[in-house]
Amino acid sequence: EKAGFDHFMLKEIHEQPKAYRDTMMSRVSEDGKSVDLKELGMSSDYIKSIRKVQIVACGTAFHAGLVGKTVIETLARIPVETDVASEYRYRSPIITPDTLVIVVSQSGETADTLAALREAQRNGAKVLAITNVVGSSVAREADFVLITWAGLEIAVASTKAYTSQLIAFYLFGLHLASTLGTQNASAVAEVIAAMHQLPDQVESILAKSDVLKKVAESISHHKHLFFIGRGIDYAVAQEGSLKLKEISYIHSEAYAAGELKHGTLALIEESIPVIALVTQEELYEKTLSNIKEVKARGAHVLGVANEGFEEEAGKSVDELFVIPKTLPLLSPALSVVPLQLISYYASLALEHDVDKPRNLAKSVTVE
Ligand code: M6R
């Protein structure tokens, strides 16, 4: 059932192009220019009444929610907060009837996420569930459901569920934007056209797995490393760091690149690996100057940058992995893939149980 792959995780990483297509399918109009989410049963009047969005989730789903915040704020101009579910419940969040709460959960059974959903509804808010399991607890209790069609995910480390959650956020963000008129038809069509290219672009990254295997093998000799990025690159950095910790047991931290000099720079020493995401055009120069800061202290930097910027980025890093060009908002759907593969190959090099890392379960149904 691993379809020729050594592990479920690797199989699931390779299933991402299909998961993207399946999650988009039938939700994009025939002419490919608009998004159709009538399946949600969310009225235009309700959408127009939303004043605030709170995204609540755990682990990797929380990281998808960090990207979701930027997606919704950029496309629909509604303020968004993203919270870890186990924190949300106990911080007396301000939940009003004009708050839309979005819970994100692959399994739809995570206890803290389910409790957050109930808390939101108790306070009069409506809840949208983004989940991969039809009929799960979260899907049954939410007011609106957006299924990610990633298919069964078996490896404890979430990969295709995360990227399908990103696709769900893009679709929902576009749906809000079209209803609210915050983006015109051509802007919406431009995002959709770029989304349609993502599956092939992921394939082209997968085809370069060998390079990432080598990177992972050299990383596997280290005890600590850092991921850095700005904006949504920072959100992806956090996901890359969690993935690596979860299955390779190597200690890593993700930092907003501009925060390094406020403390973390003290930890940078000779030859420490730093993985730097540089995909946001507006932030290129700023991130490059942060890369210079770590390199000046001896760090070995792997840059993940997009096409069109390889020459400039290449001058500042020790190694460069180039991902295809897409819209800045969509880049997480590509840039996370090399990070998933690096974690996979690092875990493999260290001979860990890739699909079943120690101390962890696929679904956390206790609080
Ligand atoms: O099923 P859920 O999406 O609610 O699960 C949330 C987290 O437990 C999960 O994403 C976890 O962080 C993954 N093992 C990370 O790879």
### Task
Give just the number: which of (1) at pLDDT 95 or above; (2) under 29 Å from Met195 (Cα atoms); (3) buried (at least 19 other Cβ atoms within 10 Å of the Cβ); (4) away from the ligand (no atom under 16 Å from the Cβ) does Ile291 not satisfy?
(2)
### Query
Of the residues that make up the range 205-215, is at least one among the polar types (S, T, N, Q), in contact with a helix residue (DSSP H, G or I) (Cβ under 6 Å, 6 or more places away or on another chain) and within 16 Å of the ligand (Cβ to nearest atom)?
no
### Task
Could you look through the range 323-367, keep only residues that are more than 16 Å from the ligand (Cβ to nearest atom) and more than 21 Å from Val236 (Cβ to Cβ), and pick out the one that is surrounded by the most Cβ atoms within 10 Å (Cβ to Cβ)?
Leu348
### Message
Condition first: farther than 20 Å from Ser136 by Cβ and surrounded by fewer than 20 Cβ atoms within 10 Å (Cβ to Cβ). Can you find one or more residues in the range 53-61 that meet it?
### Response
no
### Query
Can you name the helices (runs of 4 or more DSSP H) wholly within the range 154-256 that have at least 1 residues being in contact with an Asp or Glu (Cβ under 6 Å, 6 or more places away or on another chain) and without any contact (Cβ under 8 Å) to a residue 12 or more places away in the chain?
none
### Task
Report, ordered by the first and then the second residue, all pairs with beta carbons closer than 6 Å, sequence separation of six or more or different chains, a first member in the range 258-272 that is closer than 14 Å to Leu225 by Cβ, and a second member that is in a loop (DSSP other than H, G, I, E, B) and among the hydrophobic types (A, V, I, L, M, F, W, C).
Ile268/Ala299; Ile272/Ala299
### Task
Filter the range 257-286 down to residues that are assigned to a strand (DSSP E or B), aliphatic (A, V, I, L, M) and within 16 Å of Ala296 (Cα to Cα), then give me how many there are.
3
### Message
When you scan the range 126-138, do you find a residue that is open to solvent by 10 Å² or more (accessible area, probe 1.4 Å) and under 25 Å from Val191 (Cα atoms), even just one?
### Response
yes
### Task
Scan the helices (runs of 4 or more DSSP H) fully inside the range 1-65 and keep the ones with 2 or more residues being over 18 Å from Gln106 (Cα atoms).
44-49
### Query
Restricting the first residue to the range 10-27 and requiring it to be free of Cβ contacts under 8 Å to residues at least 60 places away in the same chain, which pairs with a second residue that is part of a helix (DSSP H, G or I) meet a Cβ separation below 9 Å and a spacing of at least six or different chains?
Ser26/Glu39
### Query
When you go through (1) touching a residue at least 60 places away in the same chain (Cβ under 8 Å); (2) among the aromatic types (Phe, Trp, Tyr); (3) within 16 Å of the ligand (Cβ to nearest atom) one by one for Tyr46, which number turns out not to apply?
(3)
### Query
Can you tell me which residues in the range 219-251 are among the hydroxyl-bearing types (Ser, Thr, Tyr) and open to solvent by 10 Å² or more (accessible area, probe 1.4 Å)?
Ser220, Tyr234, Tyr249
### Message
Within the range 134-189, take every residue that is under 19 Å from Val236 (Cα atoms) and among the aromatic types (Phe, Trp, Tyr) and give me the one that is farthest from the ligand (Cβ to nearest atom).
### Response
Tyr170
### Task
Please tell me if Val35 is within 16 Å of the ligand (Cβ to nearest atom) and in contact (Cβ under 8 Å) with a residue 40 or more places away in the chain.
no
### Message
Tell me whether the range 107-118 contains one or more residues that are under 12 Å from Ile55 (Cβ atoms), within 15 Å of the ligand (Cβ to nearest atom), among the β-branched types (Val, Ile, Thr) and outside any helix (DSSP H, G or I).
### Response
no
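The values are calculated or read from the model by the stated rules, or taken from the named source; none is laboratory data. Not measured: the values here are computed from a predicted model. A quick note on method: Cβ atoms are made from the backbone with ideal geometry, for glycine too, and the neighbour counts reach across all protein chains shown. Heavy atoms of the whole protein, side chains included, go into the accessibility calculation; ligands, DNA and RNA do not. Shrake-Rupley method; radii C 1.70, N 1.55, O 1.52, S 1.80 Å.
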